[in-house]
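A short worksheet on the structure shown next.
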Amino acid sequence: MIHHHPSDESILDYANGSLGRTLALALGAHLDGCAQCCRTLFLAEAVGGALLETEAPAELDVGAFSSVLSRLGAPIAEAAAPPQAGIAMALPANLQHQRIGARRWLAPGIWIRPVLKDPAEGTRVYLLGAAPGKALPRHGHSGVEMTQVLTGEFYDGGTRYGPGDFLEAGSDDEHALMVGANEECVCVIASRGVPLGLPGLLMRLLA
Ligand SMILES: [Zn+2]
């Protein structure tokens, strides 16, 4: 049962491609298991498509058609299976073809595995795992941070986030997270900038 979802604004940004590829990975991981947000996405895409139809058609470059035709015969590069060694869980479909970096310890009982970094956008996405009962240090953000719970649970104040839940924190939010007592919690986290304070300093070095 999913209780926490991305904002409509973020789903709209995902639909029109303005969210950026790293943040889209976290949101896409949520969409993979959430029928409610898939309906919102469908609606956003339908509205976007309807708006496009009212636009005046753009001029196409004269050579565009022949350029596409010439590429049709090109051999398709064989995609190598990305190394995801040590991932003991089923990842959401949109992460299964991503190269998952090696596990690095951020603090005792807390690890990260970098997935993708976009220096131009100043965004990064990574997996974070934390042992049962672990407290993540209180931190603020220099930009948006999106967290999708894959397994386990954590608490942000009195609010519980379990598998499938999504937490969207803005630059004004500061929070201290506590992992549930029963099992390791693994999340996919995408952020613009890095968490402020010590967690951010470590993140800059490791992810
Ligand atoms: Zn949802």
Original post:
Which ³J(HN,Hα) values, rounded to whole Hz and listed in residue order, are derived for region 112-125 from phi using the Karplus coefficients 6.51, -1.76 and 1.60 in 6.51 cos²θ - 1.76 cosθ + 1.60 with θ = phi - 60°, glycine and proline given as x?
Top reply: 10, 10, x, 10, 7, 10, 10, x, 4, 8, x, 10, 8, 9
Original post:
What is the chain's relative contact order, in percent, from Cα pairs under 8 angstrom and six or more apart in sequence?
Top reply: 24
Original post:
For region 1-61, what does the equivalent ellipsoid look like in terms of its semi-axes, each the square root of 5 times an eigenvalue of the Cα gyration tensor, given largest first in whole Å?
Top reply: 26, 13, 8
Original post:
Given only helices, namely DSSP H runs of n ≥ 4 each adding -39500 (n - 2.57), what is the per-residue ellipticity at 222 nm of the chain, to the nearest 500 deg cm²/dmol?
Top reply: -8500 deg cm²/dmol
Original post:
With a 10 Å Cβ neighbour count serving as the proxy for reagent exposure, in which order, fewest first, do Val179, Val62, Val144 appear?
Top reply: Val62, Val144, Val179
Subject >> Cα pair distances in the chain, grouped into 5 Å bins until the bin that holds the longest one, percent each >> reply: 1, 7, 13, 17, 17, 15, 11, 7, 5, 4, 2, 1, 0
**OP:** Give me the net charge of Pro132's neighbourhood, meaning all other residues with Cβ under 9 Å from the Cβ of Pro132; Lys, Arg count +1, Asp, Glu -1.
**Re:** -1
Original post:
By count of other Cβ within 10 Å, fewest leading, how are Glu55, Glu184 ordered?
Top reply: Glu55, Glu184
Subject >> Separation of alpha-carbon centers, region 151-185 and region 100-127, rounded to whole Å >> reply: 18
**OP:** Counting other beta carbons within 10 Å of each Cβ, put Met1, Met89 in order, fewest first.
**Re:** Met1, Met89
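We did not get these values from a lab; they are worked out from the coordinates using the rules stated. Given the structure is predicted, the values throughout are model-derived calculations rather than measurements. Heads up, the Cβs are rebuilt from the backbone with ideal geometry, glycines too, and the neighbour counts pull from every protein chain shown.
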